[in-house]
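Colleague: My structure is below; once you've seen it, I'll send some questions.
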Amino acid sequence: MIKRMILPALSIWVLVGCGKEASYEPVEINPDIDVCEVCNMSITEPQFAAETIMKDGHVHTFDDIGCMVEFLEEASKDDIGESFIRDTNAGEWAVLNQGSFVYDPESWTPMSFGVLSFSSDKQAEAYLNKHPSGELLSYEDLWNHSWEAVK
């Protein structure tokens, strides 16, 4: 009797497990070996780093959010697992589409795009209070932004 119950229970458990979406976690940047996927520069300023994890588990690292946007515009959306940005102030990872951004032409970034990433609107607004030359950008604004070097 117990053997007859184990197989159906195991089958249900396997089916439920197969229905879950994959979970992606950011991978820490190693400045000694990690380079930007787009410009091939070393990632020496991790507070500006970004990364995309593909569904097959391959991690693409970027030294600047502008490089990641360029990569994502060319990548197959079906292959992308998740993209992450680094909060410029706090240094913590955040999911790209949940982040807030500031374009500040007076701020230095590795590729001189002047776009800073933040984990929340509150963090971005705190930056803007100290740097009024910047403007708040949403996730959607990133795709319409002119990614030209400012300096």
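Colleague: Have a look at L96, C67, M111 and report the one farthest towards the positive end of the charge dipole of the chain, computed about the Cα centre with Cβ charges (Lys/Arg +1, Asp/Glu -1).
Modeller: L96
Colleague: Right, another one. Calculate the translational D of the chain in whole µm² s⁻¹ from Stokes-Einstein, where the hydrodynamic radius comes from the Kirkwood formula applied to all Cα pairs, the temperature is 37 °C and the viscosity 0.692 mPa s. Display every interim value, and only then the final one.
Modeller: On the way: Rh = 16.9 Å.
In µm²/s, the coefficient is 195.
Colleague: Subtracting the Cα-Cα distance from 0.36 nm times the residue separation, let me have the gained length for T44 to K77 in nm, one decimal. It would help to have the intermediate numbers written out before the result.
Modeller: Details: separation 33, 0.36 × 33 = 11.88 nm, distance 2.82 nm.
Taking T44 through K77 to full extension adds about 9.1 nm, to one decimal.
Colleague: To continue, here is another question. In debye to the nearest 20, how big a dipole does the chain give about its Cα centre with +1 on each Lys and Arg Cβ and -1 on each Asp and Glu Cβ?
Modeller: 920
Colleague: Let me ask you something else. Starting from the amide H of T109, placed 1.01 Å from N in the peptide plane, find each other amide H under 5 Å away whose residue is 5 or more places distant or on another chain.
Modeller: G114
Colleague: Against the longest principal axis of the chain, how steep is helix 2-18, in degrees 0 to 90 to the nearest 10, with axes from Cα atoms?
Modeller: Approximately 20 degrees, to the nearest ten.
Colleague: In the chain, which longest range has no GluC sites (Glu not before Pro) that are both DSSP loop (not H, G, I, E or B) and surrounded by at most 15 other Cβ atoms within 10 Å? Spell out each step's value before the answer.
Modeller: Details: sites that count: E21, E28, E92, E106, E148.
Result for the longest clean stretch: 29-91.
Colleague: Note the angle between two axes, namely the Cα long axis of helix 65-74 and the longest principal axis of the Cα atoms of the chain, as a number of degrees from 0 to 90, rounded to the nearest 10.
Modeller: Taking Cα atoms only, the helix is inclined about 50 degrees.
Colleague: I've got another one for you. Report the full-extension gain for the segment E106 to M54: residue separation times 0.36 nm, less the Cα-Cα distance, to one decimal in nm. Write out the running numbers ahead of the final one.
Modeller: Values: separation 52, 0.36 × 52 = 18.72 nm, distance 3.31 nm.
Extending this stretch completely gives an extra 15.4 nm.
Colleague: At 1.4 Å probe size, with no ligands or nucleic acids counted, give the accessible surface of F118 in Å², nearest ten.
Modeller: 0
Colleague: Ok, one more. What is the sum of charges around S138, taking Lys and Arg as +1, Asp and Glu as -1, for the other residues whose C-beta is under 15 Å from the C-beta of S138? Before the final figure, lay out each step's value.
Modeller: Working: positive: K122; negative: D121, E125, E135, E140, D141.
Computed value for this residue: -4.
The values are calculated or read from the model by the stated rules, or taken from the named source; none is laboratory data. Note that the structure is predicted; figures quoted are calculated from it, not measured. A quick note on method: Cβ atoms are made from the backbone with ideal geometry, for glycine too, and the neighbour counts reach across all protein chains shown. When the accessible area is computed, the model is the full protein with side chains, heavy atoms only, and any ligands, DNA or RNA have been set aside. Shrake-Rupley method; radii C 1.70, N 1.55, O 1.52, S 1.80 Å.
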